[in-house]
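Data first, discussion second: the structure below is written as structure tokens.
The values are calculated or read from the model by the stated rules, or taken from the named source; none is laboratory data. Please read all numbers here as calculations on a predicted model, not as lab measurements. Neighbour counts are summed over all protein chains in view; Cβ atoms, including those assigned to glycine, are modelled from backbone coordinates with ideal geometry. Accessible surface is based on the protein model in full, side chains and every heavy atom, while ligands, DNA and RNA are left aside. Shrake-Rupley method; radii C 1.70, N 1.55, O 1.52, S 1.80 Å.
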Amino acid sequence: MAAASIRDVAQHAGVSVGTVSNVLNRPGEVSAESMQRVHRAIEDLGYVRNDAARKLRAGTSSTVGFVVLDGQNPFFGDVVRGAEDEASSHGIAVLYGNTDEDVARERLYLDLFEEQQVRGVLISPYSDINPRLERLRTRGIPAVLVDRFSGDGRFSSVSVDSVVGGRMAAEHLIETGRRRIAFVGGPFEIRQVTDRLAGARVAVENSTEPVDIDVVATAALTVAEGAAAGARIISRPRREWPDAIFAANDLLALGLLQALIVDGRMLVPEDIALIGFDDIAFASAAAVPLSSMRQPSGMIGRTALRILLEETSDPTLIPRQTVFLPQLVVRRSTAARGTTGKT
């Protein structure tokens with residue numbers, strides 16, 4: 001059975017559609033008798049008001065879309081929560097989609113949000129989606145890049161300087177006496193991964209001590225990929241083992257730590273130091289508390305949502321680039337040699 005419409009309510013109450021609309025939107029303009037008849041008809045028919053459709057017709061959708069790179073990463077969960085906190089204070093809901101580092105899923109969510117005529121889109125992109133976002137903008141749907149710097153300035157963005165973060169992480173490893181660093185990360189289509197590696201290489205090049213860095217590529221930024229990378233590192237001849245690992249994110253670092261602990265031949269941090277990126281909640285709770293580069297995840301989400309709403313209110317605003325600096329959080333996994341005994 002089809003849902004009752006506003007026309008059905010009007011017919012049942014014996015009034016015009018305009019009168020029903022006034023009861024719902026401008027009750028002060030309707031007589032008490034008409035009000036009573038309309039409400040009785042609504043109750044009899046089980047009419048449910050479609051606020052979403054009403055707001056879409058008025059051009060004021062109460063939703064924004066958020067497309068994230070990896071919904072399994074707690075970092076993005078914190079970013080989304082920050083956006084939701086800001087959105088709720090404006091009476092807006094956030095529709096969320098996870099691309100799982102898949103171009104087709106990224107395209108699917110953007111198409112869906114365009115069809116839904118959301119007020120705007122927040123996106124942590126996997127592919128080059130600028131042409132797609134330009135099309136959204138011509139439809140009156142602005143977009144803000146999240147956790148990705150907009151190099152060409154065509155769109156506003158809110159990000160963390162991953163090059164600086166990568167440099168700081170590698171500098172910390174070098175300062176603790178490590179000289180053979182393995183960078184574990186991938187895929188390199190993800191800009192954050194390439195930026196973190198680039199920063200680490202700057203630290204190595206600037207070091208006054210001879211330091212080597214090699215790359216162990218992964219197919220994804222997951223715990224399972226980290227564990228697999230750890231197994232590959234351990235399978236090397238002992239003379240080729242690194243004495244430090246910089247993982248492109250904390251999930252990889254946790255997988256690496258798991259592999260090292262299970263094997264037992266390389267102790268963290270006595271034989272090998274380990275640092276990640278993001279400082280998710282699990283980092284401090286790991287078997288060996290994990291050093292990491294902290295990103296202000298909640299602030300990233302709140303700032304991105306705030307900028308998006310400003311652009312929906314004034315499309316003439318010039319895109320702006322907001323860049324936060326990461327913070328080094330030192331825990332036991334990168335303790336300097338000689339400062340902790342073997343267990």
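Quick notes on this one:
- Meets criteria (more than 30 Å from Arg320 (Cα to Cα) and in contact (Cβ under 8 Å) with a residue 40 or more places away in the chain) for Ile190: no
- Residue match in segment 279-292 (condition: among the acidic types (Asp, Glu), open to solvent by less than 20 Å² (accessible area, probe 1.4 Å) and within 19 Å of Ala169 (Cβ to Cβ)): no
- Test: residue in segment 130-147 that is assigned to a helix (DSSP H, G or I) and under 17 Å from the mean Cα position of the chain (by Cα): no
- All of Ala220, Ala182 fail the test of being in contact with an Asp or Glu (Cβ under 9 Å, 6 or more places away or on another chain), surrounded by fewer than 21 Cβ atoms within 10 Å (Cβ to Cβ) and aliphatic (A, V, I, L, M), apart from Ala220.
- Residue match in segment 161-177 (condition: in a strand (DSSP E or B) and touching a helix residue (DSSP H, G or I) at 6+ places or on another chain (Cβ under 9 Å)): no
- Candidate set from segment 156-178 (those that are of a type in the set (A, V, I, L, M) and surrounded by 23 or more Cβ atoms within 10 Å (Cβ to Cβ)); member that is nearest to Leu308 (Cα to Cα): Val158
- Criterion (in contact (Cβ under 8 Å) with a residue 24 or more places away in the chain, surrounded by 18 or more Cβ atoms within 10 Å (Cβ to Cβ) and more than 20 Å from Phe155 (Cα to Cα)) met by exactly one of Glu106, Glu101: Glu101
- Exactly one residue out of Tyr126, Tyr96 is open to solvent by 60 Å² or more (accessible area, probe 1.4 Å), in contact with a helix residue (DSSP H, G or I) (Cβ under 9 Å, 6 or more places away or on another chain) and of a type outside the set (Gly, Ala, Ser): that is Tyr96.
- Considering residues of segment 246-270 that are β-branched (Val, Ile, Thr) and either outside the structural domain of Ile174 (by TED's automatic domain parsing) or touching a residue at least 24 places away in the same chain (Cβ under 8 Å) (or both) only, the residue most open to solvent (accessible area, probe 1.4 Å): Ile261
- As a summary of the residue check, Ala200 satisfies the conditions (1) part of a strand (DSSP E or B); (2) within 20 Å of Pro326 (Cβ to Cβ) except for the one numbered (1).
- For the condition out of contact with any helix residue (DSSP H, G or I) (no Cβ under 7 Å at 6 or more places or on another chain), in a helix (DSSP H, G or I) and open to solvent by 30 Å² or more (accessible area, probe 1.4 Å), Arg232 qualifies.
- Selected residue [surrounded by fewer than 23 Cβ atoms within 10 Å (Cβ to Cβ) and at pLDDT 95 or above] from Gly82, Gly91, Gly59, Gly153: Gly82
- Only listed residue being at pLDDT below 95 and not β-branched (Val, Ile, Thr), chosen from Ala281, Ala273, Ala244, Ala248: Ala281
- Filter pass, Ala273 being open to solvent by less than 40 Å² (accessible area, probe 1.4 Å), within 23 Å of the chain's Cα centre (by Cα) and aliphatic (A, V, I, L, M): no
- Evaluated against (1) touching a residue at least 24 places away in the same chain (Cβ under 8 Å); (2) in contact with a His (Cβ under 8 Å, 6 or more places away or on another chain); (3) open to solvent by less than 50 Å² (accessible area, probe 1.4 Å), Ala13 falls short on exactly one condition, (2).
- Flag if Ala200 is touching a Gly at 6+ places or on another chain (Cβ under 6 Å) and either at pLDDT 95 or above or surrounded by fewer than 20 Cβ atoms within 10 Å (Cβ to Cβ) (or both): yes
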